[in-house]
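Taken together, the values in this text are just the output of simple stated rules run on the coordinates, not laboratory data. Predicted, not measured: the structure shown is a model, and the values here were computed from it. Neighbour counts run over all protein chains shown; Cβ positions are idealised from the backbone, glycine included.
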Amino acid sequence: MKTDELITLLANGGAAAEDDAVARRYAMALGWGAFGAMLLMALLFGVRADIAAAARLPMFWVKLAVPAIIAIASVYAACRLSRPGGRLHREPWFMAVPVVAVWLVAAYVLLAAPPADRMALVMGSTWQYCLLAIPLLSLPILLAVLWAMKGLAPTRLAIAGGIGGLLAGSIGGFVYALHCPEMDAPFLGVWYVAGMLIPALVGMLAGPRLLRW
Amino acid sequence: MPQMVKNDMMLEGAEHLRAQFATSGYFRRDGAVSANGATKRMDTEVRAAANEQRLRELLLDGVGGDAAAYHAFLKDLSGYLRAFLRRRLARLPDDVEDLVQECLLAVHNQRHTYDSSQPLTAWVHAIAKYKLVDRLRQRSSRELRNDPLDDDLDVFARSDDDAASARMDIAKLLARLPDRQRLPIVHMKLEGLSVVETARVTGMSEAAVKVAVHRGLKALAALVRVQR
């Protein structure tokens, strides 16, 4: 087929397209992904038994706010990277701010604590669960986000996949925070951050293979 | 007021070109090298900005439903793509037209990812570059496997005269699509029937026809990628 024939083929019948396709696709992916994460959470863990009491403590809300801020910044970043030639703007800063803030609080907590207690503040009593549960809960979101990206047109596949993974990880962290009983900033600063970075790494490695178009 | 907006867009387009494609000659009709220095370069930039502006309006009219504007957009775009790719594929002239067609298909299939607040130049450039790199990468890995030595004697094996026809034949690839995607494309895109008529001929609903055409063209783009 000659190029002119292809052009006629493509233009025949018009080319009407909706212009909010990127947002709609992500809304759909995040809706289903978050639903999957909630379902997994309900089946495997359940919310913490003392959630009503915990909700009166500021740390409970900090644990939700940190992944939430990262997730919001990641949505913007993922939308940008899903368009050809899309570049990040200020999103990395918004992702870094909550993490740095938690690290500062964690450093203060650790310095104020007696040296013998410091290790326990970092390790908590459930760090293995945290490291396992966050990537597990983020899996349905990761699949949904990669589906959304694949149907759009990312041109830098590794970083797009990585941001998609971070988006999944941060929502996974948010959901897990409803179950997790740990209430110390050092634990949050180490294990939540690590748990959210695992899906990001997976996305970064999978991106160049899965996102091609 | 609309005039002001337009001028802003134009300036933004020119600014962008200066930043990113000062050396690429993208969207230039003449492909001029700046032999006469600044004046000529300014000329080319102004022309590139005007082309950006014109193509952008054609595309926006096109996705707004104006088929003639969309046809003109693709036709103009193919010329720029050909010049852009020919410069970068000097050693693989046979691949140029294949890649022009692949890029046109990609531009069409991904047209919903164009953000109209951004310069069109950057969007098209990113697509063309992505497809170019993708193809070079595939080619080099295939050559490493099958054809490590370049045969220098086949100088006369290829000629550039027939640049407008591609080696791959999209019509043949189209035949490999399943009927439920192929028939709506054939009726609507090749025979020029409307959505309503295509729906009647195929017995599908109008919504299903639109979806089938959309998915079919995406499947076609995937076939183009795999078979090359």
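Cα extents for the range B:169-228 along the principal axes, largest to smallest and rounded to whole angstrom: 35, 18, 14.
Rounded to 0.05, the FRET efficiency of the A:A16 and B:R47 pair, given R0 = 25 Å and the Cβ-Cβ distance, is 0.25. Taking A:P181, A:P199, A:P154 in turn, the Gaussian network model of chain A (Cα-Cα springs below 10 Å) assigns the largest fluctuation to A:P181. Against the longest principal axis of chain A, how steep is helix A:21-44, in degrees 0 to 90 to the nearest 10, with axes from Cα atoms? Compared with the principal axis, the helix lies near 40 degrees. Other protein chain C-beta atoms within 10 Å of residue C-beta, averaged over B:110-120: 6.
Provide the three semi-axes, in whole Å and in decreasing order, of the ellipsoid equivalent to the protein assembly as shown as defined by the square roots of 5 times the Cα gyration tensor eigenvalues. Intermediate values should be presented prior to the final figure.
Working: eigenvalues 446, 136, 101 Å².
Over the Cα atoms of the protein assembly as shown, the semi-axes work out to 47, 26, 23 Å.
Electrostatic tally near A:A153: other residues with Cβ closer than 10 Å to its Cβ, Lys and Arg +1, Asp and Glu -1, net +3. For the peptides A:95-101, B:109-115, B:187-193, the ranking by packing is B:109-115, B:187-193, A:95-101, with the highest mean count of neighbouring Cβ atoms within 10 Å listed first.
Could you list the residues of the range B:189-228 with an amide nitrogen less than 18 Å from a label point located 7 Å from the Cα of B:R142 in the Cα-to-C-beta direction? Only B:220-228 pass the distance filter. Averaged over peptide B:192-201, the number of partner chain Cβ atoms lying within 10 Å of each residue's Cβ comes to 1. Cβ-Cβ distance of B:A222 and A:M59, R₀ of 56 Å, FRET efficiency by 1/(1 + (r/R0)^6): the value works out to about 0.70. Restricting the calculation to Cα atoms, chain A yields a radius of gyration followed by a Dmax of 20.1, 77 Å.
Mean residue ellipticity at 222 nm, helices only, chain A: -24500 deg cm²/dmol; runs of at least 4 DSSP H residues each add -39,500 (n - 2.57), and the sum is divided by the number of residues.
Suppose a student asked you for the relative contact order of chain A, using Cα pairs under 8 Å spaced at least 6 residues apart; what percent would you report?
Once divided by the residue count of chain A, the mean separation gives 30 percent.
What is the helix-to-structure angle for A:157-177, meaning the angle in degrees between its Cα long axis and the longest Cα principal axis of chain A, kept from 0 to 90 and rounded to the nearest 10? With rounding to tens, the tilt is 40 degrees. Computed from Cα atoms, the angle from the helix A:127-151 axis to the main principal axis of chain A rounds to 10 degrees. Annotation for A:D50 and A:D117: the two label points, set 7 Å from Cα along the Cα-Cβ direction, are 1.5 nm apart.
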